[in-house]
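Step one of this worksheet: look at the structure below.
The values are calculated or read from the model by the stated rules, or taken from the named source; none is laboratory data. In this text, all values refer to a predicted model and were calculated from it rather than measured experimentally. Neighbour counts are summed over all protein chains in view; Cβ atoms, including those assigned to glycine, are modelled from backbone coordinates with ideal geometry.
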């Protein structure tokens, strides 16, 4: 199983063919009503739902989905936001969700929005727009869930792109208490320019061709000058306690970009493993008890 940050970022880029790029601010979104709830399955310790929300973004109507696990026993009155990796909601996220809901947490998994796009001179604007979508998607559902229940604490966990999304969320005054990230990267310019993942290479080659750039260094410099969204800048405003796991042999989300995010988050508690990206992501499951203890103390 290969889990890479770039594919979801590719999904974030999309605005549809020929549409006008619109929003780069939280104020540019309008939430249309509350989430709709679709029961999926009932178990002894939890009920699983699919939630759907409609959010207006300029001329577009975005349809966001979420998986929600509502605890039935051992209720802790605490909410966990679990961001999925690039592969979407896989067995990894499902088992993590069940682990925590069986211990009394309500768990919500925001599902990444994937849309088609084409490369042109405005692609970088679409990238920024996509990053904002991730924040507004989570901010919006938090309002619904907190109306449902007066949670005493809210936690966040995620691996790879999910970890980056978790870090992006921390500087937005959403009353997050603690977060734990796995192999999350900042410095988006370096990720897109230097990652050796095949899908990233394809994205990079197509974008460079559209921009008429001939080297990775030129492309990285272009992104550094033109990308507006930075997870480091938001994470640096965090009030939540944060713990990060860094993989020191990562070339998918280059290790340097993980250190960049760690520094941007003002040097929170850090654990290092001498592994690559996939093993770093799977550490979410191996270190689940450490996550549980971190949130519980």
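Observations, loosely collected:
- Residue check for residue 55: buried (at least 18 other Cβ atoms within 10 Å of the Cβ) and closer than 22 Å to residue 189 by Cα: no
- Total residues in region 175-190, condition touching a helix residue (DSSP H, G or I) at 6+ places or on another chain (Cβ under 6 Å) and assigned to a loop (DSSP other than H, G, I, E, B): 5
- Inside region 191-208, residues that are crowded, with 18+ Cβ neighbours inside 10 Å and either in a helix (DSSP H, G or I) or over 21 Å from the mean Cα position of the chain (by Cα) (or both) make up a count of 9.
- Restricting attention to region 65-75, the residues being surrounded by fewer than 19 Cβ atoms within 10 Å (Cβ to Cβ) and either free of Cβ contacts under 8 Å to residues at least 40 places away in the same chain or out of contact with any strand residue (DSSP E or B) (no Cβ under 9 Å at 6 or more places or on another chain) (or both) number 4.
- Here residue 131 meets the list (1) surrounded by 15 or more Cβ atoms within 10 Å (Cβ to Cβ); (2) part of a strand (DSSP E or B) almost entirely, failing just condition (2).
- Check on residue 174, modelled with pLDDT under 95, over 14 Å from the mean Cα position of the chain (by Cα), surrounded by fewer than 20 Cβ atoms within 10 Å (Cβ to Cβ) and closer than 21 Å to residue 296 by Cα: yes
- Qualifying strands (runs of 3 or more DSSP E) (wholly inside region 11-115; at least 2 residues being modelled with pLDDT of 95 or more and closer than 30 Å to residue 280 by Cβ): 46-57, 60-71, 78-83, 106-111
- Evaluation of residue 224 against the conditions (1) touching a residue at least 40 places away in the same chain (Cβ under 8 Å); (2) surrounded by fewer than 18 Cβ atoms within 10 Å (Cβ to Cβ) shows that the sole unmet condition is (1).
- Scanning region 273-297 for residues that are surrounded by 15 or more Cβ atoms within 10 Å (Cβ to Cβ) and not in a helix (DSSP H, G or I) returns 273, 275, 276, 287.
- Taking the criterion of being part of a loop (DSSP other than H, G, I, E, B) and at pLDDT below 95, the only residue of region 152-169 that qualifies is 160.
- Condition met for residue 233 (in contact (Cβ under 8 Å) with a residue 60 or more places away in the chain, surrounded by fewer than 18 Cβ atoms within 10 Å (Cβ to Cβ) and assigned to a helix (DSSP H, G or I)): yes
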